[in-house]
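One structure below.
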Amino acid sequence: MNVPENLRYSSDHEWALADGGNVRVGITDYAQDALGDVVFVELPEVGAVVEANQSCSEVESTKSVSDIFAPVSGTIVAVNADLADEPERLNDDPYGEGWLFVIEPSDNDQLADLLDAASYRALTED
Amino acid sequence: MADPSGESPHRSPLHELHVDLGAKIVPFGGWDMPLSYDAGTLEEHRRCRTDAVVFDVSHLGTVRVSGPKAHAVLQETFTNDLERIEPGRAQYTHLLDPDDASVLDDIIVWWLDAETFDVMPNASNTDRVTDALAAADHVTEMTSTRAILAVQGPAARERLAAISPEAAEVGRFRVESFDWRGTACLVAGTGYTGEDGVELAVPLAVAEEVWSAVVRVGIMPAGLGARDTLRLEAGLPLHGHELGPGITPLQAGLGWVVRWDKPEFRGRAPLAAERDAGVSRRLAGLMVEGRRPPRGGQLVVRGDDVIGEVTSGNFSPTLERGIAMAFLPPDVEIGGIVDIDMRGTRTAAEIVAMPFVGR
């Protein structure tokens, strides 16, 4: 499984990237592989206020539906609208074109509380 | 995942080959079977609609019923009529509950010769079917003696002809024996995808060899994920979803499987009562506006009234829309609009004729 060193991770298999002062969020390679082919993504609205560890989005594959949890609290400032027509980007490029949304964090310390790559890798290898 | 019975799951004779091909293995009806391979469910599905795929369906049961009484026992047990076919043919039929005409199992019968039938129930219903046929002279469970490969798709026969012209030529709903390098095998022109194709029943000794040869001629392995989206697009019922306790063939839109001109079959009286009174609900096809897949258990709503529940739903790779089946009141008509409650979001769905895709 691909676990890039420069990202932080939640135990729910989201990744988070410091992006200017904001946090870009997606699902991990492990998560997309476990889900199987993604066919539908429901994204939050831009402007929505999200809470860390609360569901704010849904990803559906041919197999199942999964909640996406906000890794940090804050306000949604951007969403990946291309996923509406091309949800397969989550499978093809989970750390790139398959990003989900960008949060403007309300608490700048939460990002550091997430797992680093080594810890996340250990979690997925259990 | 633990089997609720506490027994360890059955494994297909092809299990090791699936693992080597990178299959994701999931529990299904007491068996560990491939969900998908490296290509993924969507690609496997599309390949079946445009070319050819092979499914390992060894988890289906095979119960061999033979002897002078076999024909009569099948006739008085199942709903369809063997008088409509002859040896060398396959027939789809139902086993009903004698008390309420629920469909206990849906079955394919391969009529091999005058007094020999291979009855093929769903994985988890094999014992039930064996019990129902106990009055026959010989009832032998054959499941563990063979593998079954379903080769399906518009190019299935053409590709299969490269390794077995004999098997590739079997007609639709015909059953024949064929020779695989000295071993006698069976082939039937049947399937569960809405495409043309054949199903091969091969003894264990040659199972791996036949599978490998099929894959080598460019027939892509496909798993249960694609099998489910394909049968859903084709409007075919799955036992435990569109058939099962409390569901009769008439409700499921499968009245053609019931031959009323037969004097007797299990469940005839309660089913006749339902026929005369009219069904209270009927299986309908639903197509949603967008891509979001409906899921089993989601409620179907009309105005303020809950009128049914989704029995099967998913994304249709061919239509690129969410599709579903649900039992709805008989006054719901093709072209009508209802809502499906998808985890709190109401999504409009049109009632459409099935199959969703194809003939």
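What to note about this one:
- Every test in (1) closer than 18 Å to B:Asp228 by Cα; (2) touching a helix residue (DSSP H, G or I) at 6+ places or on another chain (Cβ under 7 Å) is passed by B:Ala23 save one, and that test is (2).
- Residue within the range A:54-75 that is surrounded by 15 or more Cβ atoms within 10 Å (Cβ to Cβ), among the small types (Gly, Ala, Ser), within 29 Å of B:Glu43 (Cα to Cα) and in contact with a Gly (Cβ under 7 Å, 6 or more places away or on another chain) present: yes
- In the range A:6-29 there is no residue matching the filter, namely being within 19 Å of B:Arg343 (Cα to Cα), surrounded by fewer than 17 Cβ atoms within 10 Å (Cβ to Cβ) and modelled with pLDDT of 95 or more.
- Of all residues in the range B:283-295 being within 8 Å of chain A (Cβ to nearest Cβ) and buried (at least 23 other Cβ atoms within 10 Å of the Cβ), the one that is farthest from the chain's Cα centre (by Cα): B:Arg292
- The condition of being modelled with pLDDT of 95 or more, assigned to a helix (DSSP H, G or I) and away from chain A (no Cβ under 14 Å) does not hold for B:Ala252.
- Within the range B:22-55, being over 27 Å from A:Asp92 (Cα atoms) and in contact with a Leu (Cβ under 8 Å, 6 or more places away or on another chain) holds for one residue alone: B:Phe28.
- Summed over the range B:320-342, residues that are within 14 Å of chain A (Cβ to nearest Cβ) and either touching a strand residue (DSSP E or B) at 6+ places or on another chain (Cβ under 7 Å) or of a type in the set (Ser, Thr, Tyr) (or both) total 6.
- Of the residues making up the range B:90-104, none is closer than 22 Å to B:Val187 by Cα, over 23 Å from the mean Cα position of the chain (by Cα) and not in a helix (DSSP H, G or I).
- Taken over the range A:67-88, residues that are farther than 22 Å from A:Ser11 by Cα, touching a strand residue (DSSP E or B) at 6+ places or on another chain (Cβ under 8 Å) and of a type in the set (D, E, K, R) amount to 1.
- Taking the listed residues A:Asp85, A:Asp93, the one that is facing another protein chain (nearest Cβ under 9 Å) and either buried (at least 20 other Cβ atoms within 10 Å of the Cβ) or not hydrophobic (A, V, I, L, M, F, W, C) (or both) is A:Asp85, with no other qualifying.
- Within the range B:296-310, considering residues that are within 14 Å of chain A (Cβ to nearest Cβ) and among the small types (Gly, Ala, Ser), the one nearest to B:Ala226 (Cα to Cα): B:Gly296
- Check on B:Ala101, hydrophobic (A, V, I, L, M, F, W, C), touching a residue at least 24 places away in the same chain (Cβ under 8 Å) and at positive phi: yes
- Test result for B:Ala39, at pLDDT 95 or above, within 11 Å of another protein chain (Cβ to nearest Cβ) and more than 21 Å from B:Cys185 (Cβ to Cβ): yes
- Residue match in the range B:44-57 (condition: closer than 30 Å to B:His15 by Cβ, crowded, with 19+ Cβ neighbours inside 10 Å and outside the structural domain of B:Ala162 (by TED's automatic domain parsing)): no
- Scanning the range A:64-82 for residues that are within 13 Å of chain B (Cβ to nearest Cβ) and either among the hydroxyl-bearing types (Ser, Thr, Tyr) or under 17 Å from A:Gly21 (Cα atoms) (or both) turns up A:Ser64, A:Ser66.
- B:Gly313 vs. criteria under 28 Å from B:Gly358 (Cβ atoms), within 14 Å of another protein chain (Cβ to nearest Cβ) and either in a loop (DSSP other than H, G, I, E, B) or small (Gly, Ala, Ser) (or both): yes
- The single condition from (1) buried (at least 17 other Cβ atoms within 10 Å of the Cβ); (2) under 22 Å from B:Pro34 (Cβ atoms) that B:Gly218 fails is (1).
- Taking (1) within 26 Å of B:Pro154 (Cβ to Cβ); (2) of a type outside the set (A, V, I, L, M); (3) part of a helix (DSSP H, G or I) in turn, B:Gly285 satisfies each apart from (3).
- Residue that is nearest to the chain's Cα centre (by Cα), among those in the range B:261-282 that are closer than 21 Å to B:Asp331 by Cα and not small (Gly, Ala, Ser): B:Arg282
The values are calculated or read from the model by the stated rules, or taken from the named source; none is laboratory data. Computed from a prediction, not measured in an experiment: that's the story for all the values here. FYI the Cβ positions are ideal-geometry reconstructions off the backbone, even for glycines, and counts take in every protein chain you see.
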